[in-house]
Amino acid sequence: MVNKTLVFIEKMEDFSLVFSLLVVVSLALLQIFLRNVFGFGFMWAESVLKILVLWIALLGAMVATRENQHIKIDLLERFLPPLALLLCRKMTSIFSAIICGLAAYWSADLVYYEFLDSTVAFGAVPVWLCQMIMPIAFCVMGLRFLSHGWNT
Amino acid sequence: MIGWLGTFLIAASALAGLPLFIVILAAAMFGFFLADVPLTVIAIELYRLIDTPMLLALPLFTFSGYVLAESGLSLRLVRFTSRVMGWMPAGLAVVSFFVCAFFTAFTGASGVTIVAVGALLFPALLAGGYNERYSLGLVTTSGSLGLLLAPSLPLILYGVIAQQMDLPVPFSLRDLFLAGAIPALLMILSLSVYSVWVTKDLSLVREQFDGEEVLIQFQELKWDMPLPFIVLGGIYSGFFAVSEAAAVTSAYVVLVYVFVKKEVNLSSVPRIVKESMMMVGGILLILGVSLAFTNYLIDAEVPQALFSWINEFVKSKVAFLLLLNGVFLLLGAILDIFSALVIMVPLILPLAISYGVDPVHLGIIFLANMQIGYFTPPIGMNLFIASYRFKKPISEIYLATLPFMGVLLIVLALITYLPEISLFFLDR
């Protein structure tokens, strides 16, 4: 059951990533076409593109956490004996999980304030909805770091 | 005191293998916490990513580069250029520099060039009569050669970071693209001259120039040819904005390599998206949290402190540039290029401007240093990739790359101390 849910979440991430990139490319092409042929563009398209880049970035970062692909320096890791290395990995994972947890909490705080403010990002879409990806991403990354720490 | 302790802790945890974005995020949180600022500010700063101009170009060019890396472009490029330049002395070496530079410009210097192009060139060089040490040095060095050519990702990222800083001396991405051209060509030229000189006693296989064969290979490239025109023509002529050129490029590469030439399976496109966006996500997350961290540093007046501290020792522009070269070379060997850009540019750019260094020129100096940092012993990334890819001990790679590094250091000195090389095409 847990495994099935995890696989489903991973599929959803991959799908959202591909879908967002597809939307970004199509929308950007549409804008070029409209501007050069009809001399106008959709006002909302610029905002959608900008927000989608943030979504792509955070989705990509979530997947990078899953595959343990984040940029790091790990100079010491090359010189540590196995046991110390294990301990070092556990500690870095747990510390990362804590930091992600804090970031999730404080970005949820921002989302909450924007929700009360009900500012509009574009069309009828409120800003808080666009910001939702931040607490979600940090939450998912935090849990993944925790599971890395558990499993190493 | 707290500052030094903090710096030490940050450095230690980074070295211990903590993901870089966590290191920066933690530092920013700690700083804001001490300053009694609600940590919501971190989320606000991260969300500011969406107001960063031209950010769109980054995921799109990265994706295109990943598709290109899986296509047959590298093979076709090597075939065509060796037909065109193969008759020259050290022709194949010169070919290698050009192909690598072109390939790196499009794929970013992420090691793809060594793996995709270097792997083709290395056996070809050996078969052409070049000795092993020279050939190893060549492919290792060339892995980051096109870094200064448009549309390389580090070049774009430098522009993106600089543009959201409200500089007193503004510049556009187009300026940056123009500025990189001559320094990059100068590097290729110097390496070529060195190669001709160093291989003059070897009996190299020289190709006969055959016009018909050139034409055949040229036609093979007919679908690849529009690429540089879309990117460079579109941007330099002003017909596209940079992000639009990026969108057109990514649509074009999918159209050509997936549907027309069928070199990349449609079913592997989601994987390529995933792989490329993992890299983009990693970079942009670091960029986002650094926006917050830089903001904290500015609040804490760190740039001013840094400036007055450096100002005590360094009085002239030349001395400052010398210091920069030292710091950047070291940095390029330790940090990967994207993190180095994101962390160092906000700190160093204001400093450089106050010493009278043009921000465009600084970008070129920074990236040229980073390019050399890629193969600076003992830990430049390209050294490890080449050692792994060509199954040679790392010490052999060190020795092989040193002469090339020497040549590029001379070019670096020229680029650094003669700003005109970079700013030639610009009205500055």
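Between B:Leu341, B:Leu323, B:Leu362, B:Leu367, which is within 24 Å of B:Leu423 (Cα to Cα), surrounded by fewer than 22 Cβ atoms within 10 Å (Cβ to Cβ) and aliphatic (A, V, I, L, M)? Testing whether each residue is within 24 Å of B:Leu423 (Cα to Cα), surrounded by fewer than 22 Cβ atoms within 10 Å (Cβ to Cβ) and aliphatic (A, V, I, L, M) leaves just B:Leu323. Only helices (runs of 4 or more DSSP H) whose full extent lies in region B:147-259 are considered here, and the ones with at least 3 residues that are in contact (Cβ under 8 Å) with a residue 60 or more places away in the chain and either farther than 19 Å from B:Leu56 by Cβ or more than 14 Å from every other protein chain (Cβ to nearest Cβ) (or both) are B:153-163, B:173-198, B:211-220.
Might you let me know whether region B:343-365 holds any residue that is within 13 Å of another protein chain (Cβ to nearest Cβ), in contact with a helix residue (DSSP H, G or I) (Cβ under 7 Å, 6 or more places away or on another chain) and farther than 24 Å from B:Phe404 by Cβ? Checked against the condition, which is being within 13 Å of another protein chain (Cβ to nearest Cβ), in contact with a helix residue (DSSP H, G or I) (Cβ under 7 Å, 6 or more places away or on another chain) and farther than 24 Å from B:Phe404 by Cβ, region B:343-365 yields at least one hit. The lone criterion from (1) at pLDDT below 90; (2) part of a helix (DSSP H, G or I) left unmet by B:Lys315 is number (2). Checking each residue in region B:23-75 for being without any contact (Cβ under 8 Å) to a residue 12 or more places away in the chain and acidic (Asp, Glu) picks out only B:Asp36.
When B:Val264 is tested against (1) in contact (Cβ under 8 Å) with a residue 60 or more places away in the chain; (2) part of a helix (DSSP H, G or I), just one condition goes unmet, and that condition is (2). Of the helices (runs of 4 or more DSSP H) lying entirely inside region A:33-145, the ones with 1 or more residues being at the interface with chain B (Cβ under 9 Å from one of its Cβ atoms), surrounded by 21 or more Cβ atoms within 10 Å (Cβ to Cβ) and touching a Gly at 6+ places or on another chain (Cβ under 6 Å) are found at A:43-66, A:82-117. Just one residue in the set B:Ile410, B:Ile415, B:Ile397, B:Ile385 is at pLDDT 90 or above, within 17 Å of the chain's Cα centre (by Cα) and outside any loop (DSSP other than H, G, I, E, B); that residue is B:Ile415. Looking at region B:54-62, can you tell me whether even one residue there is more than 14 Å from chain A (Cβ to nearest Cβ) and either under 23 Å from B:Pro270 (Cβ atoms) or modelled with pLDDT of 85 or more (or both)? Within region B:54-62, not a single residue is more than 14 Å from chain A (Cβ to nearest Cβ) and either under 23 Å from B:Pro270 (Cβ atoms) or modelled with pLDDT of 85 or more (or both).
One residue stands out in region B:193-219 among those that are under 16 Å from B:Glu132 (Cβ atoms) and under 30 Å from the mean Cα position of the chain (by Cα): the one that is surrounded by the most Cβ atoms within 10 Å (Cβ to Cβ), namely B:Ser195.
The values are calculated or read from the model by the stated rules, or taken from the named source; none is laboratory data. Small disclaimer: the values here were computed from a predicted structure and weren't measured. So basically every Cβ, Gly included, is an ideal-geometry build from the backbone, and we count neighbours across all protein chains shown.
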